[in-house]
Structures are given as C-alpha cells and as structure tokens.
Amino acid sequence: MSTRIAKTFQLTARSFSSVGYRKPYTGNIKSKPASSYDAISNPWDHVYGVSSVLSALKAKKRQTLDTVYIQETDEKKTTQKKDASLISEILSIAKANNIHAMAVDKGRLNNLTDNKPHQGVVLKASPRNPIEISVLSAPNESGSYAALPRINKRGSEQDREKNSSTSALASMKFKAPTSRKPFWIALDEVQDPQNLGSIMRTAYFFGVDGVLLCSKNSAPLSPAVSKVSSGAVEIMDIYSTPNLVKLLKESHANGWEIIGAAGDASPSMNLSQFRENTSQKPVILVLGNEGTGLRTNVKNGCNAFVSIPSAIGEDASFNGSVDSLNVGVAAGVLISTALF
C-alpha cells in the first residue's frame with residue numbers, strides 16, 4: 001500500500017478506535033428467511049473481497065452491517081491503486097454509517113473466510129436472504145406487473161388474515177424496459193456456489209428483471225456466491241419460492257411464457273426462435289441443476305423448451321464428457337440472446 005493510503009488508513013482506524021464500538025447499521029428487513037436459508041446456527045456472514053464488501057455497504061440490503069475488518073499492512077508493501085482507492089472508500093462509508101472498523105492481521109482474515117481470497121477486507125454482516133414470492137402477475141399494457149409475496153397459511157385464522165393483508169400491501173411492483181418484454185430467470189436447484197455466483201453476475205450485467213431460486217436444495221446466498229458474483233448478489237433483489245412448479249404454472253396462467261433450458265427436450269426452439277419469443281411475451285427462463293438438469297415436474301411446468309446447438313457432430317467417434325454446457329455458461333448464452 002502506498003505511504004499516502006497507508007497513512008490515511010492509520011488515521012481513519014485511529015478515529016474509529018477512539019470512539020470505541022459503535023452501534024451497527026441496521027436497515028429495514030425486506031424478507032423473511034426461508035427454511036433452507038436458516039441462519040440460526042450461524043447468525044453472521046463474513047463477506048469478503050473488495051467488490052462484494054463495497055457493494056454490501058452501498059446497497060444496504062443486509063439487515064445488519066456490523067464490522068469491517070481491514071488487513072494491517074506494512075507501509076513498505078504496495079498494492080494496486082484501484083484496490084487501495086476502493087478500500088479507502090469502504091472505510092469512508094463505514095465511518096459515515098457508524099459501522100465499526102478494525103485493523104487485523106492477515107491470519108485473522110484467513111480464519112474468518114476459511115482462507116478464501118479476501119483481498120484484505122472482510123465485512124461481518126447478517127445473512128443475505130431472498131424474498132419469498134408466490135406468483136408473477138399479468139403485465140398490463142404499460143408493462144407493469146407485480147411479484148406477489150407468499151402468504152404463510154399456518155397459525156390462527158386471525159394471523160392468516162393479518163399475513164394476507166400485510167402481504168397484499170407488500171406486493172413488489174415492476175415495470176419492464178420500454179424496449180422489451182419482462183424477462184426473469186428461475187434456477188431449479190442450482191447447488192454449486194460458483195455457478196450461482198456467475199449466473200447472478202451475468203443476470204445483473206445484462207439487466208435481467210428478476211432471479212428466482214428454489215427455497216430447498218439450492219445453494220444459499222453465501223459470501224462465496226457474493227465473491228464470485230463480484231458483488232452483484234449484494235445489489236440485486238433476489239426471490240425464492242418453496243414450490244417452483246406451482247409458481248411457474250400460475251404465472252403461465254397470468255400470461256408468462258415458461259421456457260425450460262433442456263438440450264434433450266423435443267421439440268425445442270433454437271436460439272433465433274428463443275430470441276423472437278422473448279421479444280413478444282414476458283418470459284421466465286428455467287435453468288436446471290448442474291448434474292440432472294430440470295426435474296421432471298419442473299419440465300411439466302414449462303410450456304416450451306430451448307436448446308443450445310453444439311458444433312460437435314453426431315457422428316463424432318468420441319466426444320469425451322463435453323456433451324453439454326455448464327449451467328453458468330448456458331445461462332450467459334441464453335440471457336445475452338434474449339436481451340441483446
């Protein structure tokens with residue numbers, strides 16, 4: 001780190017330590033954790049990496065932002081100017097929001113992140129939880145529509161009525177860009193954090209309107225997912241449902257085209273047909289698990305399929321195991337086809 005940046009950090013760290021521990025930032029919670037995202041056993045995430053920490057501090061989508069840990073540095077050592085500048089920005093935001101900042105050694109950061117590539121900065125914060133929804137409403141003539149929250153039907157009749165009334169008021173409103181129809185993606189039990197993170201980064205980059213996860217058997221929105229997404233997970237609103245099949249069928253009844261990505265489905269549309277389809281109707285693109293693809297019941301909830309053609313000929317004597325694309329790569333191809 002340069003001498004100037006190092007001195008800036010030392011002064012900032014001293015100013016934080018002089019006032020002692022400050023009350024952590026606590027924002028308004030937007031969602032109730034689903035069962036598979038239960039944080040009781042581990043109430044804290046340790047978000048790591050410059051981009052992820054900075055995005056979390058700016059977006060404030062986590063309910064609590066507790067402490068920023070910065071790696072102690074030797075003034076003789078240097079770091080990239082970009083990272084040094086971003087770390088200075090992280091410290092400034094932390095100070096402005098009364099978030100405690102602490103200088104620690106590299107070993108402490110390694111322990112907090114299980115030796116992940118933290119780039120010298122870690123944020124202790126509450127878990128990132130998706131927002132549970134039950135269905136997407138029909139878009140009106142202006143392109144506006146809503147994601148209706150899931151109503152918990154358990155408990156007393158009075159509680160159910162209260163939940164129903166509160167949820168109706170909390171419906172999330174959306175408006176598609178004027179140049180195209182609404183476009184969402186649904187992930188059917190994607191379990192690899194690397195895949196989930198790369199899909200989130202792609203979805204944010206290309207401007208996907210919404211990302212929907214299964215509440216069960218999906219990778220949680222962990223710090224590893226945040227790091228792979230380069231902070232996109234911290235910025236986006238992410239949704240979940242405990243019953244993907246029901247949501248797809250009811251959304252289809254509201255005018256949404258449900259298109260599954262499945263290379264083995266017949267018939268299936270090609271990329272040109274897929275692009276044309278997404279330009280005419282609101283679409284939910286459904287992507288399957290890394291190993292098994294779309295579950296049978298989820299396939300039954302799709303009303304059309306799309307496949308990505310391969311350059312490997314059917315008469316090739318040996319294809320190895322390269323008979324399909326990684327779900328993260330397939331998502332990039334299909335999302336870019338649909339939106340650009």
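Data table
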quantity	calculated
Residues (closer than 26 Å to T278 by Cβ, open to solvent by less than 40 Å² (accessible area, probe 1.4 Å) and assigned to a helix (DSSP H, G or I)) located in the stretch 229-260	A232, V233, L244, V245, L247, L248, S251
Close pairs (8 angstrom Cβ cut-off, 6 or more residues apart or separate chains): more than 15 Å from L247 (Cβ to Cβ) and assigned to a loop (DSSP other than H, G, I, E, B) in the stretch 289-300, open to solvent by less than 70 Å² (accessible area, probe 1.4 Å) and of a type in the set (S, T, N, Q) anywhere	E290/N195
Odd one out for A186 among (1) touching a Ser or Thr at 6+ places or on another chain (Cβ under 9 Å); (2) modelled with pLDDT under 90	(2)
Qualifying residues in the stretch 261-274 (those that are in contact (Cβ under 8 Å) with a residue 60 or more places away in the chain and part of a helix (DSSP H, G or I)) - the one farthest from S144 (Cα to Cα)	L271
Residue in the stretch 197-209 that is at pLDDT 95 or above, more than 17 Å from V327 (Cβ to Cβ) and open to solvent by less than 10 Å² (accessible area, probe 1.4 Å) present	no
Some residue of the stretch 250-262 being modelled with pLDDT under 95, closer than 17 Å to L285 by Cβ and out of contact with any His (no Cβ under 6 Å at 6 or more places or on another chain)	yes
Residue in the stretch 216-224 that is open to solvent by less than 40 Å² (accessible area, probe 1.4 Å), within 17 Å of V329 (Cα to Cα) and part of a helix (DSSP H, G or I) present	no
Strands (runs of 3 or more DSSP E) lying entirely in the stretch 29-116 (those with 1 or more residues that are more than 28 Å from T241 (Cα to Cα), more than 24 Å from the chain's Cα centre (by Cα) and modelled with pLDDT of 95 or more)	64-71, 100-104
Number of the condition not met by L187 [criteria: (1) open to solvent by 10 Å² or more (accessible area, probe 1.4 Å); (2) touching a residue at least 12 places away in the same chain (Cβ under 8 Å)]	(1)
Where N289 falls short, out of the listed (1) at pLDDT 95 or above; (2) open to solvent by less than 40 Å² (accessible area, probe 1.4 Å); (3) over 27 Å from G143 (Cβ atoms)	(1)
Residue in the stretch 296-307 that is within 23 Å of the chain's Cα centre (by Cα), modelled with pLDDT of 95 or more and open to solvent by 50 Å² or more (accessible area, probe 1.4 Å) present	no
Filtered residue count, the stretch 101-139, keeping only those that are within 30 Å of G210 (Cβ to Cβ) and of a type in the set (D, E)	1
Failed item, numbered, when S142 is tested on (1) modelled with pLDDT under 85; (2) in a loop (DSSP other than H, G, I, E, B); (3) hydroxyl-bearing (S, T, Y)	(1)
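The values are calculated or read from the model by the stated rules, or taken from the named source; none is laboratory data. Just so it is clear, the model here is predicted, and its values are computed rather than measured. Cβ sites come from the backbone with ideal geometry, for glycine too, and all protein chains shown count toward neighbours. We work out accessible area using only protein heavy atoms, side chains counted, and drop any ligands, DNA or RNA first. Shrake-Rupley method; radii C 1.70, N 1.55, O 1.52, S 1.80 Å.
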